[in-house]
1. What residue, among those in the range A:323-342 that are among the hydrophobic types (A, V, I, L, M, F, W, C) and near RNA strand B (Cβ under 6 Å from one of its atoms), is nearest to A:His387 (Cα to Cα)?
2. Any idea which of A:Asp408, A:Asp465, A:Asp469, A:Asp460 is out of contact with any Cys (no Cβ under 6 Å at 6 or more places or on another chain), acidic (Asp, Glu), assigned by TED's automatic domain parsing to the domain that holds A:Leu344 and at negative phi?
3. Specify the residue that is farthest from the chain's Cα centre (by Cα); the eligible residues are those in the range A:240-267 that are buried (at least 24 other Cβ atoms within 10 Å of the Cβ) and over 14 Å from A:His223 (Cβ atoms).
4. Go over the candidates A:Met312, A:Met345 one by one and state the one that is closer than 30 Å to A:Lys412 by Cα, touching a helix residue (DSSP H, G or I) at 6+ places or on another chain (Cβ under 9 Å), within 13 Å of RNA strand B (Cβ to nearest atom) and touching a residue at least 60 places away in the same chain (Cβ under 8 Å).
5. For the range A:298-333, give me each residue that is buried (at least 20 other Cβ atoms within 10 Å of the Cβ) and either over 16 Å from A:His43 (Cα atoms) or not hydrophobic (A, V, I, L, M, F, W, C) (or both).
6. Please find, within the range A:268-297, the residue that is surrounded by the most Cβ atoms within 10 Å (Cβ to Cβ) out of those that are among the small types (Gly, Ala, Ser) and touching an Asp or Glu at 6+ places or on another chain (Cβ under 9 Å).
7. A:Gly37 fails exactly one of the following numbered conditions: (1) more than 10 Å from RNA strand B (Cβ to nearest atom); (2) in contact with a strand residue (DSSP E or B) (Cβ under 9 Å, 6 or more places away or on another chain). What is the number of that condition?
8. Given the criterion in contact (Cβ under 8 Å) with a residue 12 or more places away in the chain and under 35 Å from the mean Cα position of the chain (by Cα), identify the matching residue among A:Ser381, A:Ser397.
Amino acid sequence: MDSKLYIYNTLSREKEIFIPIHPKHVGLYVCGPTVYGDPHLGHARPAITFDLLFRYLTHLGYRVRYVRNITDVGHLENDADEGEDKIAKKARLEELEPMEVVQYYTDRYHQFMDELNVKKPSIEPRASGHIIEQLQVVDTILNKGYAYESNGSVYFDVAKYNNDYHYGKLSGRVIEDLLNATRSLDGQTEKHNSFDFALWKKASPEHIMRWPSRFSDGFPGWHLECSVMSAKYLGDEFDIHGGGMDLLFPHHECEIAQSTIANGKMPAKYWMHNNMITINGQKMGKSLGNFITLEEFFTGSNSLLSMAYSPMTIRFFILQAHYRSTVDFSNEALQASEKGLVRLMDAVNNLNKVKPSNSSSFDVNMFKEKCYAALNDDLNSPVLISHLFEAAKAINSMIAGLMMITADDLEKLKTLVGLFVFDILGLKQTVAETNANNEVLNEVVSLLLKLRGEAKANKDFVTADKIRDELLKIGFVIKDGKDGATWELK
RNA sequence: GGUCGGUUGGCCGAGUGGCUAGGCAGCGGUCUGCAAAACCGCGUACGGCGGUUCGAAUCCGCCACCGACCUCCA
């Protein structure tokens with residue numbers, strides 16, 4: 001528990017030691033997906049980053065309440081008009097209920113997160129399920145004088161807030177600069193200042209998701225849900241707030257302003273932001289249209305992909321970069337990750353083949369220390385992985401008889417490798433590897449390998465190679481070693 | 001235009017003042033009937049220019065290039 005975990009706090013722009021507000025408990029809030037499109041690689045990054053954090057904090061013994069929201073309000077518009085076009089009419093008849101769209105993409109998101117072995121959060125609240133709470137906060141902020149009503153909408157008064165508090169403390173924005181960056185936007189005329197943001201927005205006719213309120217039929221502002229739901233489930237003040245770097249401004253800045261007025265407190269102590277995934281050096285995002293969905297990765301069905309990549313390859317690829325760095329997608333990089341992952345997993349499986357000796361030439365305690373040090377240093381998963389590769393090399397050397405390990409140390413090593421690879425990094429064995437542990441299959445293949453061994457002993461290499469080649473065709477890779485052949489499924 | 005961040009060997013990607021990150025690819029070797037795997041060895045990288053220092057990829061300054069945010073976006 002006295003782990004000395006340091007995390008980089010965007011608020012201070014420094015790594016800070018993590019000390020929970022309530023000992024032994026951690027409140028973690030992460031901005032989840034807006035469910036109006038298929039999940040893509042960009043969605044995988046924060047999910048995996050904060051999954052790693054969730055897993056590690058849990059391992060350290062904290063009771064973690066992890067809240068990750070589903071944004072299902074405010075993005076759906078009805079583009080149908082009153083034209084007589086038959087196709088348009090049919091489209092309208094077959095049109096999906098907004099909640100159908102939400103349900104569909106929520107399910108898709110869950111499906112792909114499961115495949116990536118991302119643990120479910122403790123609570124996954126939906127914005128649409130918290131309209132009443134959001135309206136209550138609108139009232140609170142209005143009553144405190146930091147919001148104004150304008151033509152059925154309610155806006156947060158940023159200028160007033162900035163007089164009394166500090167708008168921009170998270171993002172480093174200066175309000176005067178924001179004024180200079182003015183652009184013409186819809187609804188501008190309703191706002192006192194361009195940087196004011198909506199708490200409640202009156203729905204225009206084409207908006208199909210709408211709720212009644214004393215201001216108008218409308219929907220809550222874009223930033224309000226996170227302030228409301230984090231406070232509801234984690235309290236006015238909680239430990240860690242996470243999300244993508246692109247949400248830093250304005251989303252999180254606005255959240256801070258709202259929560260500060262509504263609850264009188266900074267909502268979160270530590271703010272963590274994962275960086276973007278780039279493609280050809282550019283951010284992969286919905287608006288740029290350069291995203292590759294997770295389904296496309298898993299099936300290889302995208303012209304940018306030279307092959308399909310397994311969920312674990314994607315997970316490992318993301319974990320091989322530090323979460324605050326951009327990570328550039330390329331087929332070459334992904335294939336390198338895939339091969340590396342196979343090498344690592346092979347070594348993990350090889351642990352069972354290691355025979356203990358009387359002494360150890362591998363320092364298990366040092367290995368353990370280095371692994372924890374990497375995680376404690378702002379979740380440095382790439383460094384942790386580099387240590388795991390060193391352990392992999394050591395394991396293979398033990399099998400080759402070049403290194404030794406005592407039975408005690410071997411047990412420790414098995415426990416540690418299992419802990420870091422499976423529990424904390426959240427990697428898992430492929431279906432093929434799981435099949436390889438099937439006893440019946442094991443005996444059948446062993447029988448074939450035994451026959452091949454006999455053929456080899458008789459210098460009948462034609463038969464030996466035939467067995468090997470035929471097995472390879474089915475998907476078995478045969479590896480000859482000092483003490484006979486071993487196999488694995490590709 | 002403003003704010004912030006980045007530029008590391010063939011590719012990806014750690015590293016923040018001196019000590020081999022790691023993975024992939026490549027080359028040489030060991031092992032093997034051959035192959036694969038594994039192991040051993042090799043490459044001697046830090047955008048440019050200047051400064052600080054005994055010593056800088058790492059600190060400071062200037063320049064170049066790239067990106068993020070400023071608008072929905074993970």
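The values are calculated or read from the model by the stated rules, or taken from the named source; none is laboratory data. In this text, all values refer to a predicted model and were calculated from it rather than measured experimentally. We place every Cβ from the backbone using ideal geometry, glycine too, and count neighbours over all the protein chains shown.
1. Residues of the range A:323-342 among the hydrophobic types (A, V, I, L, M, F, W, C): A:327, A:329, A:333-334, A:336, A:341-342.
Next, from what is left, pick out any that are near RNA strand B (Cβ under 6 Å from one of its atoms): A:327, A:333, A:336.
Working: A:Val327: 20, A:Ala333: 20, A:Ala336: 17 Å.
Out of the qualifying residues, it is A:Ala336.
2. Residue meeting the stated conditions: A:Asp408.
3. Result: A:Ile240.
4. Going through A:Met312, A:Met345 in turn, the sole match is A:Met345.
5. Of everything in the range A:298-333, those that are buried (at least 20 other Cβ atoms within 10 Å of the Cβ) and either over 16 Å from A:His43 (Cα atoms) or not hydrophobic (A, V, I, L, M, F, W, C) (or both) turn out to be A:Tyr309, A:Pro311, A:Thr313, A:Arg315, A:Tyr323.
6. A:Ala268
7. So the condition that A:Gly37 fails would be (1).
8. Of A:Ser381, A:Ser397, the one residue that is in contact (Cβ under 8 Å) with a residue 12 or more places away in the chain and under 35 Å from the mean Cα position of the chain (by Cα) is A:Ser381.
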